[in-house]
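**Student:** What follows is a structure written as structure tokens; I'll ask about it next.
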Amino acid sequence: MDSISKPTFDPKEHQHLRYNPLRDSWVLVSAHRMKRPWKGQVEKPPEDNTPRHDPNNPLCPGSVRANGEVMCFHPWSDITLPLMQPAEIRKVIDKWADLIVELGAEYTWVQIFENKGAMMGCSNPHPHCQVWASNFLPNEAALAERCQRDFLQKHGEPLLVQYARMEAQAQERVVVENEHWLVVVPYWATWPFQTLLLPRRHVLRLPDLTAQERDSLASIMKRLLTKYDNLFEVSFPYSMGWHGAPTGSHLQEDMSHWQLHAHYYPPLLRSATIRKFMVGYEMLANEQRDLTPEQAAEQLRKLGEEHYKMKKN
């Protein structure tokens, strides 16, 4: 009787679970789902007719903010970070660091985040971010705090320091890199083209970055976000945010288990008009993704770093 051999495991074909050490949770990878024809909701493509200046836009220079202050990246409404010059992005980074120092002197957590595109709830077409400060650790920050502290105690090295080194060596999920920074589609990514931005050295918070590291950060942000836009030749929607060591009273504590990092969560899956939905099984049972992180990283990595709008001009 002939023996029956078991099929060789193929992550692109076979469902499997991956562990997220930053959240102590699991994600189900179901890459075979991408073979299914899509007859679901199709989004409206992002509009590409934003005026450079709108006097009725409260985020434009000279206008009055509706409620408090918002940090704007650029005076023009029709520009985004990947279309800005590295020197302009560097000014954004410096302001982020200043806000961490200013607000972090009092508050436990300072959350810097950007919602880009109407698909991610951005109601104003002007390049800007938001900064929320709280006197407590929000859920995601508390999870990252516990998981990173536990990892250092068990392994004697910060979790994301070790992880960045392993990814840099493997190169399988690296999207872009330079002397000071590394961008990967993390092994445990949930969203299709989710990325994780990591320093190569151990850094706790944005203000700790050297001038050279800030210049390198501006460069790698522009490269990553250009690749995002080039993927489907649209202004790529996402939510992103920085996670650094807690502040306030924690400034006087040993927080060496922390490593500064930024998360990018884009919703698009198959095209500029087809997004990933987190519903049904994802909401009720387990987070699930529809292509492997390795496939996503390869798609992004292969893209050029000249913005598609520049090619058309």
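**Student:** Once a ≥ b ≥ c are taken as the square roots of the eigenvalues of the Cα gyration tensor of the range 68-312, is the result rounded (a/c under 1.5), prolate (a/b larger than b/c) or oblate (a/b not larger than b/c)?
**Tutor:** The shape class here is rounded.
**Student:** So, with +1 on the Cβ of K and R and -1 on the Cβ of D and E, and no other charges, what is the size of the charge dipole of the range 106-228 about its Cα centre, to the nearest 20 debye? The partial results should precede the final answer.
**Tutor:** Details: 13 positive and 13 negative charges, 37 e Å.
Value, rounded to 20: 180 debye.
**Student:** Ok, one more. Can you pull the one-decimal nm distance between simple spin-label points at residue 253 and residue 134, each 7 Å off the Cα toward Cβ?
**Tutor:** 1.6 nm
**Student:** What ranking do 188-195, 16-23 get when scored by the average of other Cβ atoms within 10 Å per residue, highest first?
**Tutor:** In descending order of packing, they fall as 188-195, 16-23.
**Student:** Sorted by mean Cβ packing within 10 Å, highest first, what order do the peptides 95-101, 209-215 take?
**Tutor:** So the peptides 95-101, 209-215, ranked by packing, come out 95-101, 209-215.
**Student:** Please list, in order along the range 221-233, the HN-Hα scalar couplings obtained from phi with the Karplus expression 6.51 cos²θ - 1.76 cosθ + 1.60 (θ = phi - 60°), rounded to whole Hz, x for Gly and Pro.
**Tutor:** 5, 4, 5, 4, 5, 5, 4, 4, 4, 6, 4, 10, 6
**Student:** Considering amide H positions built from the backbone, and no H for Pro or chain starts, which residues 5 or more places from residue 176, or on another chain, come under 5 Å of its amide H?
**Tutor:** Residues meeting the criterion, in which the H sits 1.01 Å from N, are 183.
**Student:** Taking the highest mean first, how do the peptides 249-255, 178-184, 199-205 order by number of other beta carbon atoms within 10 angstrom per residue?
**Tutor:** Result, highest mean first: 178-184, 199-205, 249-255.
**Student:** Note down the relative contact order for the range 68-312 as a percent, whole number, built from C-alpha pairs under 8 angstrom at least six residues apart. Display every interim value, and only then the final one.
**Tutor:** Values: 430 pairs, mean separation 63.5, N = 245.
Normalised by residue count, the contact order of the range 68-312 is 26 percent.
Values in this text are rule-based calculations from the coordinates and carry no lab data. Just so it is clear, the structure is predicted and the values come from calculations on it, not from any experiment. Cβ sites come from the backbone with ideal geometry, for glycine too, and all protein chains shown count toward neighbours.
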